[in-house]
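Below is one structure, written out as structure tokens; the observations come after it.
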Amino acid sequence: MSTTAPATGPAPTPAGPVVLPGTPVVPGVVLGPVVRPSGTVVLPADEGATVPEDGRGAEKERFSAAASAVADRLSERAAGATGVSAEVLAATAGLARDRGLLSAVEQRIDAGAPAAVATVGAAQQFVDLFTSLGGVMAERVTDVRDVRDRIVAQLTGQGEPGVPRPQTPSVLLADDLAPADTAGLDPERVVGLATRLGGTTSHTAIIARQLGLPCVVAVGGLDDVPEGATVLLDGERGTVTVDPEPGEAQARVEAARAAAAALASYRGPGRTGDGLEVKVLANVQDGAGARAAAAKHAEGVGLLRTELAFLSRAEEPTVEEQAAGYAEVFEAFPGQRVVVRTLDAGSDKPLAFATMPDEENPALGVRGLRVARRDPGLLERQLDAIAEGARRAGAQPWVMAPMVATVAEARDFADRVRDRGMVPGVMVEVPSAALQAERLLRHVDFLSIGTNDLSQYTLAADRLSADLADLTDPWQPALLALVQVTAEAGRGAGKSVGVCGEAAADPLLACVLVGLGVTSLSCAASSVAGVGARLATVTSDDCRRAADAALAADDPAGARAAVRRSLAID
Ligand code: PEP
Ligand code: MG
């Protein structure tokens, strides 16, 4: 017996353990004691100038030494990590070395502030700046505060903040985690993760997925769960049960282990139990990621996020450099499908050499394919590089553009791609593209639905906002209705319509997407087996019924429950 708590907090009752509902991110059921991020760093108060003039040089050196120590530790961890984790750790290390931060700190030390006080003041200056720039910089604010705390801890001899390394396998509960903390988690010791904030597309979620760490976000009432309490975290149902009944908890962990064993034997190809073929592909960012995905039995790449390899670059990479990188990805999947997305610069993925600075509203601004309006050469050179990489690897790539909103954009892009002998497609990330899918397919050979952005633009909710995570939930029936319209257009034209947003990583939702008519799914490599194994347990009729059940629901929770009932999942 258990009691589901309202989203606002736990409601202990004599009836049994309290179940805290949240948003499921990574499936898996784990049981363990609660650990929390280690103590908050005590920040010094500003008591006016206290460092005499002749001591200020030494104080600057103390700051530089502390910032370097923090940056070196993060870089070291980055070197031992891969993929998104490595990117995130390296980016945070870069912030600790940031010249803007250094000069803001030095100005304050010149005015007499001790190094720790100067660090707090300078960091606040950047927090205020990023906050005033709007939602897109939200994750930068978390990074700045994280770097501030690490440097102050180093300067004042406090323990480095962050995630503990518990002796027994434990479940980490936190308000939110700095990206560097999530990236540094040791999955042997932290076996599950739940946060009060965060959405399914936050960095925490993306990295938890990469680590294959059972994860639930946006869990109400987490603050009241004491450290050391036993919790059962269910990453498929999206719940955290406090003090569960031991026998029942153990049974659920065992059942999840058995399901995980079934996943371990997944070898592809993706198909439903009655033989409907559904390619299960991987989202990758470079050759290393593609090779890792091939090892996880992905049938190809459904989304190569080309911009992610160039996030820290000031200058546009040369055609030769790009071609070499793309060839590596093609070589990981000889003779198989590889879908390359042209640069999706702007908004949550700014590129110094492509993004328009100081836009009022970058998510609605010059991002994705729209960059080519100002700089068509950038797109032309990238298409040349993709064609050259494909020539070297003997590949026949599919190439798609992000953020397409009109038929004219799709037609123009398709011409440029076909001129180079490649297969053109576009992403469906904007509601107008879904509504015009039939017409887009007159010009392109395939569509790929980016549910992360499609939900943000359909529900008018920033995908990075933790406060609005319920709106950008990929189970929103309005989003699913747009997937249905798009998939039906594909069926009518006899062309492929895939999903490459995070929705495709959810095994249950994958059944719904197939029922809506989607022909391929592309997700993080760590999710490929989960999605493929689940599809093998259902028939295409089951999927259609599940899709009808989801579409008929009024909200994501109702849709999940209806689909579980429809598929007879406990
Ligand atoms: C999407 O928007 O769903 C998508 C796959 O693209 P990205 O997450 O890179 O914006
Ligand atoms: Mg997108």
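Take every DSSP beta bridge with both residues inside region 271-566 and express the antiparallel ones as a percent of the total, to the nearest 5.
That works out to approximately 5 percent antiparallel.
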- Message: Counting only helical runs of four or more DSSP H residues, what would the 222 nm mean residue ellipticity of the chain come to if each run contributes -39,500 (n - 2.57) and the total is spread over all its residues?
- Response: -14000 deg cm²/dmol
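According to the square roots a ≥ b ≥ c of the eigenvalues of the Cα gyration tensor, what is the shape class of region 437-570, taking rounded for a/c under 1.5, prolate for a/b larger than b/c otherwise, and oblate for the remainder?
rounded
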- R0 of 45 Å, Cβ-Cβ distance residue 291-residue 569: FRET efficiency to nearest 0.05: 0.85
- Task: Give me the distance in nm between label points sitting 7 Å out from Cα along the Cα-to-Cβ direction at residue 250 and residue 373, one decimal.
- Result: 6.3
- Query: So who's got an amide H within less than 5 Å of the one on residue 236, skipping anything under 5 residues away but keeping other chains? H placed 1.01 Å off N, in plane.
  - Reply: 28
- Percent of beta bridges antiparallel (DSSP, region 242-358, rounded to nearest 5): 20
- Item | Segment residue 128-residue 111, length gained on full extension (0.36 nm per residue, minus Cα span) | 4.0 nm
- Near the amide H of residue 351, under 5 Å away, which other amide H atoms are found, from residues 5 or more places off or on another chain, if H is placed in the peptide plane? 346
- Message: Taking R0 as 35 Å, what FRET efficiency do you get between residue 98 and residue 175 from their Cβ-Cβ distance, rounded to the nearest 0.05?
- Response: 0.90
- Item | Cut-off 11 Å between beta-carbons: net charge of the residues surrounding residue 73, Lys and Arg +1, Asp and Glu -1 | -1
- Task: Please give, to one decimal in nm, the separation of the simple spin-label points placed at residue 537 and residue 145, each 7 Å out from Cα toward the Cβ.
- Result: 3.8
- Can you send over the carbon and sulfur percentage of the accessible area for the chain, probe radius 1.4 Å, protein chains only? 52
- Remind me, relative contact order of the chain in percent, using alpha carbon pairs under 8 angstrom and six or more residues apart? 15
- Item | Of all DSSP beta bridges in the chain, antiparallel share, percent nearest 5 | 35
- Task: Would you mind checking the radius of gyration and Dmax of region 271-566 based on alpha-carbon positions, in Å?
- Result: 18.1, 53
- Query: Around residue 190, which amide H atoms from residues at least 5 apart in sequence, or from another chain, sit under 5 Å from its own amide H, with H modelled in the peptide plane?
  - Reply: 170
- Message: Once R0 is set to 30 Å, what does the formula 1/(1 + (r/R0)^6) return for the Cβ-Cβ distance between residue 418 and residue 561, expressed as a FRET efficiency to the nearest 0.05?
- Response: 0.10
- Note on the structure: Scalar couplings 3J(HN,Hα) for region 207-214 by Karplus 6.51 cos²θ - 1.76 cosθ + 1.60 (θ = phi - 60°), nearest whole Hz, x for Gly and Pro, are 6, 4, 5, 5, 7, x, 9, x
- Count neighbours as other Cβ atoms within 10 Å of each site's Cβ, and list the trypsin sites (Lys or Arg not before Pro) in region 222-302 that are DSSP loop with at most 10 such neighbours. 267
- Item | Cβ-based net charge around residue 30, under 13 Å, with every Lys or Arg adding one and every Asp or Glu removing one | 0
- Query: Over the chain, what per residue volume does the convex hull of the Cα atoms give, in whole Å³?
  - Reply: 146
- Query: Put a dot 7 Å past each Cα toward the Cβ at residue 53 and residue 460; how far apart are the dots in nm?
  - Reply: 5.9
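The values are calculated or read from the model by the stated rules, or taken from the named source; none is laboratory data. Keep in mind it's a predicted model, so treat the numbers as computed, not measured. Positions of Cβ are backbone-derived with ideal geometry, glycine not excepted, and every protein chain shown enters the neighbour counts. Please note that ligands, DNA and RNA were not included when accessible areas were found on the heavy atoms of the full protein model with its side chains. Shrake-Rupley method; radii C 1.70, N 1.55, O 1.52, S 1.80 Å.
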